[in-house]
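The structure appears right after this line, and notes come after that.
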Amino acid sequence: NAISRITPRLEDQVRRLPGLLIEKKSQAIALHYRQNPARESDAWSLAEHAARELGTDFRLLAGKNVVEIVVADADKGKAIERFMAISPYVGRIPVFAGDDVTDESGFEVVNRMGGISIKVGEIPSPLARFRIGSTSELRAWLTAVATTLEGAPSSTIAATMLEEESL
């Protein structure tokens, strides 16, 4: 695929720029500059060049200390819709947690499906219905939910254990 075609060149370029990391995904490539924020412009320059080479089927997506080169019509919301349309997810209540602006499309879809959307971190989300302070708090909440739901009917709603985000 197109991503596979440009990955080796990007990996070579990233090796020459300390503090940049490349993350290969099935339909995307992410250039992380969290380890060296001064490399942000380098990450964007590489991503912009790669996106131009790939053409209009791809776009750039800004995240927290990362720029992703993604399929133009792909986002987390669409991925959730696909998952929720196949067994064993059909008819279930989606739960989606995220800590980045790239998660907003997922929050929107989960809300539309009557699910539980959770923003992780201190920065509020315009779309997530709930917010939790950290990934460790999220793990603790998920453990508590799993314990509570063990043996309970599948219609039990776990959202009562979260405080609704006041927007």
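Counting only residues that are part of a helix (DSSP H, G or I), under 25 Å from residue 74 (Cβ atoms) and either of a type in the set (Ser, Thr, Tyr) or within 13 Å of the chain's Cα centre (by Cα) (or both), how many does the stretch 111-146 have? Show your work before the answer.
Of all residues in the stretch 111-146, those part of a helix (DSSP H, G or I) come to 111-112, 135-146.
From what is left, the residues that are under 25 Å from residue 74 (Cβ atoms) are 111-112, 135, 138.
Next cut, either of a type in the set (Ser, Thr, Tyr) or within 13 Å of the chain's Cα centre (by Cα) (or both) only: 135.
Summing the residues that are part of a helix (DSSP H, G or I), under 25 Å from residue 74 (Cβ atoms) and either of a type in the set (Ser, Thr, Tyr) or within 13 Å of the chain's Cα centre (by Cα) (or both) in the stretch 111-146 gives 1.
Test each condition in (1) modelled with pLDDT under 95; (2) part of a helix (DSSP H, G or I); (3) touching a Ser or Thr at 6+ places or on another chain (Cβ under 8 Å); (4) under 30 Å from residue 20 (Cα atoms) for residue 102 and report the one that comes out false.
Of (1) modelled with pLDDT under 95; (2) part of a helix (DSSP H, G or I); (3) touching a Ser or Thr at 6+ places or on another chain (Cβ under 8 Å); (4) under 30 Å from residue 20 (Cα atoms), only one is false for residue 102: (3).
So in the stretch 65-106, with the set limited to residues that are among the basic types (Lys, Arg) and surrounded by fewer than 17 Cβ atoms within 10 Å (Cβ to Cβ), which one is nearest to residue 39 (Cα to Cα)?
First pass over the stretch 65-106, keeping only residues among the basic types (Lys, Arg): 76, 78, 82, 92.
Among the residues that remain, those that are also surrounded by fewer than 17 Cβ atoms within 10 Å (Cβ to Cβ) are: 78, 82, 92.
On the way: 78: 31, 82: 35, 92: 42 Å.
Only one residue fits best here, namely 78.
Residue 46 is checked against (1) over 29 Å from residue 131 (Cβ atoms); (2) touching a helix residue (DSSP H, G or I) at 6+ places or on another chain (Cβ under 8 Å); (3) aliphatic (A, V, I, L, M); (4) modelled with pLDDT under 95 and fails just one. What number does that condition carry?
Here residue 46 meets the rest and fails (4).
Please verify whether the stretch 140-155 includes one or more residues that are loosely packed, with under 11 Cβ neighbours inside 10 Å, modelled with pLDDT of 95 or more and either among the small types (Gly, Ala, Ser) or more than 19 Å from residue 65 (Cα to Cα) (or both).
no
Taking the stretch 44-64 as the region of interest, how many residues are crowded, with 17+ Cβ neighbours inside 10 Å and either under 17 Å from residue 102 (Cα atoms) or touching an Asp or Glu at 6+ places or on another chain (Cβ under 6 Å) (or both)?
Going residue by residue through the stretch 44-64, those that are crowded, with 17+ Cβ neighbours inside 10 Å are 46-47, 50-51, 54, 58, 61.
Filter once more, so that each one left must be either under 17 Å from residue 102 (Cα atoms) or touching an Asp or Glu at 6+ places or on another chain (Cβ under 6 Å) (or both): 47, 58, 61.
Of the residues in that region, 3 qualify.
For the stretch 47-85, how many residues are outside any helix (DSSP H, G or I) and of a type in the set (Asp, Glu)? Explain how you work it out, then say what you get.
So the first thing to find is which residues in the stretch 47-85 are outside any helix (DSSP H, G or I), and the list is 55-75, 85.
Still in the list and also of a type in the set (Asp, Glu): 57, 68, 73, 75.
Qualifying residue count, the stretch 47-85: 4.
Considering only the stretch 4-26, state which residues are touching a Lys or Arg at 6+ places or on another chain (Cβ under 8 Å) and closer than 15 Å to residue 58 by Cβ.
Across the stretch 4-26, the qualifying residue is only 7.
Going through the stretch 118-131 one residue at a time, which ones are crowded, with 16+ Cβ neighbours inside 10 Å and within 13 Å of residue 100 (Cα to Cα)? Steps first, please.
Initially, the stretch 118-131 is screened for residues crowded, with 16+ Cβ neighbours inside 10 Å, giving 118-121, 125, 127-131.
118, 119, 120, 121, 125, 127, 128, 131 - these are the residues of the stretch 118-131 that are crowded, with 16+ Cβ neighbours inside 10 Å and within 13 Å of residue 100 (Cα to Cα).
Which residue pairs have Cβ atoms closer than 7 Å, lie 6 or more positions apart in sequence or on different chains, and pair a first residue in the stretch 62-75 that is in contact (Cβ under 8 Å) with a residue 24 or more places away in the chain and farther than 19 Å from residue 6 by Cα with a second residue that is in a loop (DSSP other than H, G, I, E, B) and among the basic types (Lys, Arg)?
65/34
Going residue by residue through the stretch 24-32, is there one that turns out to be of a type in the set (D, E, K, R), exposed (fewer than 13 other Cβ atoms within 10 Å of the Cβ) and in a strand (DSSP E or B)? Spell out how you get there, then give the answer.
Step one: list which residues in the stretch 24-32 are of a type in the set (D, E, K, R), which gives 24-25.
So of that shortlist, the ones also exposed (fewer than 13 other Cβ atoms within 10 Å of the Cβ) come out as 24-25.
With in a strand (DSSP E or B) added as a condition, the list becomes 24.
Taking every residue of the stretch 24-32 in turn, at least one turns out to be of a type in the set (D, E, K, R), exposed (fewer than 13 other Cβ atoms within 10 Å of the Cβ) and in a strand (DSSP E or B).
The values are calculated or read from the model by the stated rules, or taken from the named source; none is laboratory data. Since this is a predicted model, take the numbers as computed values, not measurements. Note: ideal-geometry Cβ built from the backbone for every residue, glycine included; neighbour counts use all protein chains shown.
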